[in-house]
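Colleague: This is the structure, below, for whatever I ask next.
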């Protein structure tokens, strides 16, 4: 039976796509292999958010070509959409599929595996051969929680972002279809479902009649057996008091909210083509903190944007330090083809690196302080790893807790007591 490895890069929308393909391959009896070195076909879902992600994709493809020269690589995703010719000439690549072809991707891969859909099922078992725990890759971790893409594309035109060019306008999955998919995931044993989108805050605006994220969540919360829902990134420009009140009061929505702030200087935000500023952001974050005191609050931050002065950076750093945020993902500015910011003069690399390093240190310290608040407290968590000897569980407010191996199966809920917080990890015990 030919084997397949799936490798994902990028955002939670990509993770949700990869998850859906994996489910389709399992239903067809494909043998999924965690080790790309032993695979006949390697499927790559690429990202092009930054120059670094482009390099990571190319590096991985070349590594596969060297280590497994017989493997056939199929590449899709945003990098493949933006620069198909650049991807096609990489070693081992036999197919480059645009984002528009993602719906047909399982069929195309099954053809490469040999025999099409029916052939794949007849050639092997109904479920993949289980690989040893030590051979598990990042794709395997996706299967502890279900990822479901409910929205794609973006109608905004931020000066730095290429995503609207490679994913198109905002498109929402109808709520009836979302409900059917979530019900099926619950039936198959998933207790946590991550709802993903490129611009999740816009969910439903393109539907007829129009819908909304709060309306969808109200419907999903009625599904029997669903443990909890985790949301991907929200746009602060569309996150008003009504939305905050709705998602913080929903019993099954995780207390983990991530916002695409990008910066906190009004001047830099205008250069980025974004509305907002520290006062608006502070009100939004304070409202989250007031309504959900124990929530993890995160943000995406771009540092070193063209035109960012030392005063702009100081304003950003001071805002982050004094804000209700508990962590932030820091991205050094990366010029993307097809975007206005790519043509602007760049700051020196050393300056950008120093600023990014300073913000990452601040984020680590804020994250440690946040986790320390829960020492001695008991929290509900879903088991995401339990290979023997040591397990890991994820709380609804995004704390990964290492605990001794327990009898609770992966995907199931457990009560954990936080015992110790270190800079790089949180340790606890399973509550009796």
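Colleague: Sorted from fewest to most neighbouring beta carbons within 10 Å, what does the list 311, 354 look like?
Modeller: Ranking 311, 354 by Cβ neighbours within 10 Å, fewest first, gives 311, 354.
Colleague: Report the relative contact order of segment 378-430, percent, no decimals, based on alpha-carbon pairs under 8 angstrom and at least 6 residues apart.
Modeller: 36 percent
Colleague: Could you tell me whether segment 1-100 comes out rounded, prolate or oblate from its Cα gyration tensor? Rule is a ≥ b ≥ c as square roots of the eigenvalues, rounded for a/c under 1.5, then prolate if a/b exceeds b/c, otherwise oblate.
Modeller: Because a/c hits 1.5 or more and a/b fails to exceed b/c, segment 1-100 counts as oblate.
Colleague: Next question, about the same structure. Take peptides 60-67, 232-239 and line them up by average Cβ neighbours within 10 Å, highest first, as a rough protection proxy.
Modeller: Highest-to-lowest ranking by the protection proxy: 232-239, 60-67.
Colleague: Here's another thing I want to ask about it. Sort 53, 426 so the one with the fewest other Cβ atoms within 10 Å of its own Cβ comes first.
Modeller: With the sparsest Cβ surroundings first, the list reads 53, 426.
Colleague: Got the relative contact order for the chain handy, in percent, Cα pairs under 8 Å and 6 or more residues apart?
Modeller: Computed value for the chain: 11 percent relative contact order.
Colleague: Same structure, new question: Where does the chain land on the Kirkwood hydrodynamic radius, alpha-carbon pairs, in angstrom?
Modeller: 22.9 Å
Colleague: As a footprinting exposure proxy, order 240, 300, 367, 349 by other Cβ within 10 Å, with the fewest listed first.
Modeller: 349, 240, 300, 367
Colleague: With runs of 4+ DSSP H residues as the only contributors, calculate the mean residue ellipticity of the chain at 222 nm using -39,500 (n - 2.57) per run, divided by the residue total and rounded to the nearest 500.
Modeller: Here the helix-only value at 222 nm equals -11000 deg cm²/dmol.
Colleague: Another question about this same structure. Among the DSSP beta bridges whose two residues both lie in the chain, what percent are antiparallel, rounded to the nearest 5?
Modeller: 35 percent
Laboratory data are not the source of any read-out in this text; all were calculated from the coordinates shown. Note that the coordinates shown come from a computational prediction; the quantities given were computed from them, not determined experimentally. Using ideal geometry, Cβ is built from the backbone for each residue, glycine included, and neighbour counts are taken over all protein chains shown.
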